[in-house]
Amino acid sequence: MKIRKIKTEDYQAVKDLVITAFSKSEHGYGGEAELVEKIRNLDSYDHNLELVAEKYDHIIGHVLLSEIKIQGINQYGFSLAPISVLPKNQNQKIGSQLMKKIEEQAKNTDKKFISILGNPDYYKKFGYKEAKKYNIKAPFEVPEKYYLIKSINDFNLNNFSGMIEYSSAFD
């Protein structure tokens, strides 16, 4: 398996992957493939921050970061949304490898943090903590334990608080 940056010819395979992965997930499909397409149309989209996992020339995993900020201050970070692995390829550390690689890519930017809405038992092993610990809030209703954040580039999250502002792709 190899992880690489996305190519435009991968878009349909990624769409199919995201729909399949989320349709089989605990919470079901909620328009994640359409979200990916909307993020790609943003001025802030960076193809270096969209990766695929490939095995035998088939895309089996995908991850995407998009720009967000803390409202009212110019502290920018990323939202990790979505991350997907084909159900038949899950529990093989592919998601973990995608997480590590996308975080490496994020560190090559001037952004300060990554936030995620997800399973705390999974993401805490990568160093994500409840955002409420830093007085950082989601702009939507979500149980606090599922809204997570991680500093990158030695950013001290203790010095900032507020609500996260997402791009128009999330509207």
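Read the figures in this text as sums done on the coordinates, not as results from a lab. Note that the coordinates shown come from a computational prediction; the quantities given were computed from them, not determined experimentally. A quick note on method: Cβ atoms are made from the backbone with ideal geometry, for glycine too, and the neighbour counts reach across all protein chains shown.
The length gained on full extension between LEU42 and GLU165, counted as 0.36 nm times the residue separation minus their Cα-Cα distance, comes to 42.8 nm.
May I ask you to derive the FRET efficiency for ALA13 and ASN108 from their Cβ-Cβ distance with R0 = 30 Å, giving the value to the nearest 0.05?
Numbers: r = 25 Å, r/R0 = 0.85.
Computed FRET efficiency for ALA13 and ASN108: 0.75.
In terms of its alpha-carbon gyration tensor, the stretch 3-74 comes out oblate; a/c meets the 1.5 threshold, while b/c is at least as large as a/b. Counted residue by residue at 0.36 nm each, then reduced by the alpha carbon distance between them, the extension gain from TYR146 to HIS27 reaches 41.5 nm.
Packing here is the average count of other Cβ atoms within 10 Å per residue, and on that basis the peptides 40-47, 19-26, 113-120, highest first, run 113-120, 19-26, 40-47. Result for the chain in a Gaussian network model with C-alpha springs under 10 Å: among GLU144, GLU67, GLU32, the largest mean-square fluctuation is at GLU144.
Evaluating 6.51 cos²θ - 1.76 cosθ + 1.60 at θ = phi - 60° for every residue in the stretch 4-17, the Karplus couplings come out as 8, 5, 5, 10, 4, 6, 8, 4, 5, 4, 5, 4, 4, 4 Hz, glycine and proline recorded as x.
Most mobile of LYS129, LYS93, LYS107 per a Gaussian network model of the chain (Cα springs, under 10 Å)? Comparing LYS129, LYS93, LYS107 in a Gaussian network model of the chain, the most mobile one is LYS93. Quick check: from the Cα gyration tensor, does the stretch 82-137 come out rounded (a/c under 1.5), prolate or oblate? Oblate, because a/c is 1.5 or more while a/b does not exceed b/c. Once the chain from LYS133 to LYS100 is taken as fully extended at 0.36 nm per residue, the excess over their C-alpha distance is 9.6 nm. Per residue, the average separation of C-alpha pairs within less than 8 Å and at least 6 apart gives the stretch 52-93 a relative contact order of 34 percent.
Once every DSSP H run of n ≥ 4 in the chain is given -39500 (n - 2.57) and the sum is divided by its residues, what mean residue ellipticity at 222 nm do you get, rounded to the nearest 500 deg cm²/dmol?
On the way: 4 runs with 39 residues, N = 171.
So the calculated ellipticity at 222 nm is -6500 deg cm²/dmol.
For the stretch 96-103, putting each phi into the Karplus relation 6.51 cos²θ - 1.76 cosθ + 1.60 with θ = phi - 60° gives couplings of 4, 5, 5, 4, 4, 5, 5, 5 Hz, in residue order, rounded to whole numbers and with x for Gly and Pro. Relative contact order, whole percent, for the chain stands at 21, derived from Cα pairs under 8 Å and 6 or more residues apart.
Rounded to whole Å, the principal axis extents of the Cα atoms in the stretch 2-170 read 46, 31, 26, largest first.
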